[in-house]
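Q: Here it is, the structure, as structure tokens.
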Amino acid sequence: MRCNQDWTLVTSDAVSFEISRIPDRTRMKKAQNLTDLAKERVAITKTVSRRYHEFVEPGIDSADALHLACAESAGAVLLTTDYAVIKIIKKHGNQITIEVKNPVEWLMEVNEHGSKDTQ
């Protein structure tokens, strides 16, 4: 798995909170196992909180804004399968300093163009 080699999987307090809300215990455990591979964890600091509020103000959903602020804090790529989120975030692209991608599309780009120096 590339997350154990040359990529850095990043998780956050926001991810942990969402996982804790999964009602199916088997699915919850699988999600927790994935985050156990993370080499970096982003805490919700004052800086993250400030960016969160800046993202919510123009209309980005609260949970998405928190994930975005955490990913930005880590300098990571935010991977999401929610195309509505990707569209909204791209609309506010001048305020966002990180890549927001669908994981499948991102992986295809990485495989096509070689290893990205990214988290």
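Computed from the coordinates by the stated procedures, all read-outs in this text should not be read as laboratory data. Because the structure is a prediction, the values reported are computed rather than measured. Positions of Cβ are backbone-derived with ideal geometry, glycine not excepted, and every protein chain shown enters the neighbour counts.
Q: Quick one: if you stick a label point 7 Å off each Cα along the C-beta vector at Asp36 and Phe17, how many nm between them?
A: So the label points at Asp36 and Phe17 sit 2.5 nm apart.
Q: Work out the FRET efficiency for Met28 and Glu112 from their Cβ-Cβ distance, taking R0 = 41 Å, and round it to the nearest 0.05.
A: Plugging the Cβ-Cβ distance into 1/(1 + (r/R0)^6) gives 0.75.
Q: Taking other Cβ within 10 Å of each residue's Cβ, how do Glu99, Glu72 sort, fewest first?
A: Listed from fewest to most nearby Cβ atoms, that is Glu99, Glu72.
Q: Still on this structure, please answer the following. Starting from the Cα-Cα distance between Val56 and Lys91, subtract it from 0.36 nm times their residue separation and give me the gain in nm to one decimal.
A: Additional length available on full extension: 11.3 nm.
Q: Please report how far the C-alpha centroid of the stretch 1-71 lies from that of the stretch 73-103, rounded to the nearest whole angstrom.
A: When both Cα centres are located, 13 Å separates them.
Q: Can you tell me what percent of all Cα-Cα pairs in the stretch 2-113 are more than 16 Å apart? Each step should come with its number before you reach the end.
A: Working: 3866 of 6216 pairs.
Tail of P(r) above 16 Å: 62 percent of Cα pairs.
Q: At 222 nm, what value in deg cm²/dmol follows for the chain if DSSP H runs of at least 4 each add -39500 (n - 2.57) and the sum is divided by all its residues, to the nearest 500?
A: Using -39500 (n - 2.57) per qualifying helix, the result is -16000 deg cm²/dmol.
Q: Another question, then. For Val42, what residues show an amide H to amide H distance below 5 Å, using hydrogens built from the backbone and excluding near sequence neighbours?
A: Here the answer is Thr11, Ser12, Asp13, since their amide H atoms fall under 5 Å of that of Val42.
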